[in-house]
Structure formats: structure tokens, C-alpha cells
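Everything below concerns the one structure shown next.
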Amino acid sequence: MSASPSAANGGDAADTATRAATREPGLESDLGWAIRMVSSAFRRVATSSVEDLPGGPRGYLVLVAVASGEPPSQLALAQQVSLDRTVMTYLLDDLETRQLITRRPDPRDRRARQVLITEEGRAQLERAQERLSVAEARLLADLDEHDARQLRLLLTRVAQTAQREALAPEADC
């Protein structure tokens, strides 16, 4: 059996990462370290991309959530983006003051209020997404298009599991 070209040339970054992930425990194979490093780097590049929105990254997440699909109630939106209801109310007040969202009574439950994105909100969201895309490209520069898509897919699945676990009632031990 012959060695692969990358192995023959000493390997590349992907080979090194794969070998590191299968070695004995250390920082280079620790999931917590990897998540922390990526989260910290993403927070740095992403925050500047959305800093002109009320609430910065939180405001961005709210706009993304309300721009996609059925208008959620304030409570459902707070759960979806994992924000405390009180924090959500203040954030929505700020977004509404800037005319990025509107709120209306929910036709199914007059006590609840639905959150809708405005045309100005869509325009601001689009600009923020363009800036964020450039920032994300910097962070994912060492991945090819397939790997970047795969990373997004896997992280989304893990995030959905984490969100389900956060919303699930405490299990008795």
C-alpha cells in the first residue's frame, strides 16, 4: 500500500487535526477548548459586523428569527433565541424604536403579541448579513466549501440538541 500524497509530504492541516483528534487527551483534541476558541473568535468578528443594530448580536438574532416564517409571539421568540423574557422586551422596544420591527396582537391569542420585521428591518438585516458573511469567511478560511457547509450543518444539529435540552424539564437523577 502506498502513502497518500499528503502523508508523503508530511501531511496538511486537516491531517494534523485528524491525528490530533485521535491522540491521547490534550488541548488540541478537547471539544470544550475548540468550542471556546471558535466561539471567542466568532464573537470578535461577528460583533463588529452587527454593532449598528440595537442589541448587537442579540438584535441580529431576533431579526433573523422574525424574518423567517410565521410571526412568532414575544415569548416564543425569546425561547427560540434563548433570551430572558424581560431582556427580550427591552430589546424589542429598542428594535421597534428604530423601526426595524413592529408588534401586533396575535389573532389566535389577543393577550400575546406577534413580532414582525419591517422593510427597514429587512434592509438592515441584509446589510448585517453581508458584513457577517465576510467575517465568517475569514474565520472559515482554512476550510473548503464542502467542509464549511458540513461544519454549519453539524453545528446546527448540535445547537438544536442543546436548545432542546435547555428547554426540557429537569430530569430526576
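The values are calculated or read from the model by the stated rules, or taken from the named source; none is laboratory data. Predicted model, so just to flag it, every value in this text is computed and none were measured. Cβ placement follows ideal geometry from the backbone for every residue including glycine, while neighbour counts extend to all protein chains displayed. When the accessible area is computed, the model is the full protein with side chains, heavy atoms only, and any ligands, DNA or RNA have been set aside. Shrake-Rupley method; radii C 1.70, N 1.55, O 1.52, S 1.80 Å.
If you filter the stretch 36-70 down to residues that are open to solvent by 30 Å² or more (accessible area, probe 1.4 Å), in contact (Cβ under 8 Å) with a residue 40 or more places away in the chain and assigned to a loop (DSSP other than H, G, I, E, B), you find that the one that is farthest from L139 (Cα to Cα) is G55. Considering the stretch 130-142 alone, what residues qualify as being surrounded by 14 or more Cβ atoms within 10 Å (Cβ to Cβ) and either without any contact (Cβ under 8 Å) to a residue 60 or more places away in the chain or of a type in the set (D, E) (or both)? E136, L140, listed by residue number. The set of residues in the stretch 80-121 that are in contact with a helix residue (DSSP H, G or I) (Cβ under 9 Å, 6 or more places away or on another chain), acidic (D, E) and in contact (Cβ under 8 Å) with a residue 24 or more places away in the chain contains only D94.
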